[in-house]
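This report concerns only the one structure given below.
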Amino acid sequence: MTEAIRGELHGTITSAASGDEVAFGQIVGAHHDHMRRVCRFITRDDGLAEDAVQAAWTIAWRKLGSLRDPARLRPWLISVAANEAKRMAKRRRRRLEVEVDVDATERPGGVDPATGIDRVDLRRAMAGLDPDDRALLAMRYVAGFSSSELADVTGLSAPGTRARLARLLKRLREELDHG
């Protein structure tokens with residue numbers, strides 16, 4: 001990040017932290033979709049994900065002034081949203097609902113039931129993960145956090161974070177192979 005961009009971002013954050021709704025709106029516009037995607041991955045529910053993001057924005061509005069490094073804005077916002085999504089998912093465990101597209105006009109006898117089964121298996125395997133594990137996967141693969149960014153958010157070392165991710169992926173693969 002160049003010094004000019006860092007200075008502009010710092011100015012926007014400072015203005016928003018001082019109550020400038022337009023500056024805060026710029027931050028929301030730049031980060032809302034990323035936060036929603038991460039929350040959707042964690043909660044597996046559009047409504048709950050949107051509730052988590054709204055709660056995260058309330059927290060961000062209150063605590064934006066505590067952010068010391070403007071370059072950390074995106075990871076900070078996404079981790080706040082992920083924490084809200086985890087909290088809500090743990091509080092409101094919901095049954096997994098899976099939609100399978102069925103088009104009986106496709107061929108005589110309808111659609112082969114095996115169509116899309118891999119997707120169903122993956123959703124079922126993901127549903128079996130703890131919200132903390134889904135949050136880690138979401139921050140890595142949905143938000144694109146690096147190992148060092150994940151380490152900052154989780155409190156683990158970068159190698160520890162990579163090892164935890166490797167264990168999670170291995171577990172998912174084994175469940176899909178045996179499921």
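Bear in mind these aren't lab numbers, they're just calculated from the coordinates by the rules spelled out. Note that the structure is predicted; figures quoted are calculated from it, not measured. Cβ sites come from the backbone with ideal geometry, for glycine too, and all protein chains shown count toward neighbours.
Give me the distance in nm between label points sitting 7 Å out from Cα along the Cα-to-Cβ direction at Arg72 and Glu8, one decimal.
If labels sit at Arg72 and Glu8, their model points lie 2.4 nm apart.
In Å, what Rg and Dmax follow from the Cα atoms of segment 1-97?
Computed over the Cα atoms of segment 1-97, radius of gyration and Dmax are 14.3, 48 Å.
Order the peptides 61-67, 85-91 from the highest to the lowest mean number of other Cβ atoms within 10 Å of their residues.
Going from most to least packed, we get 85-91, 61-67.
If I model a spin label as a point 7 Å beyond the Cα along the Cα-Cβ vector, how far apart are those points for Tyr141 and Arg171 in nm?
1.4
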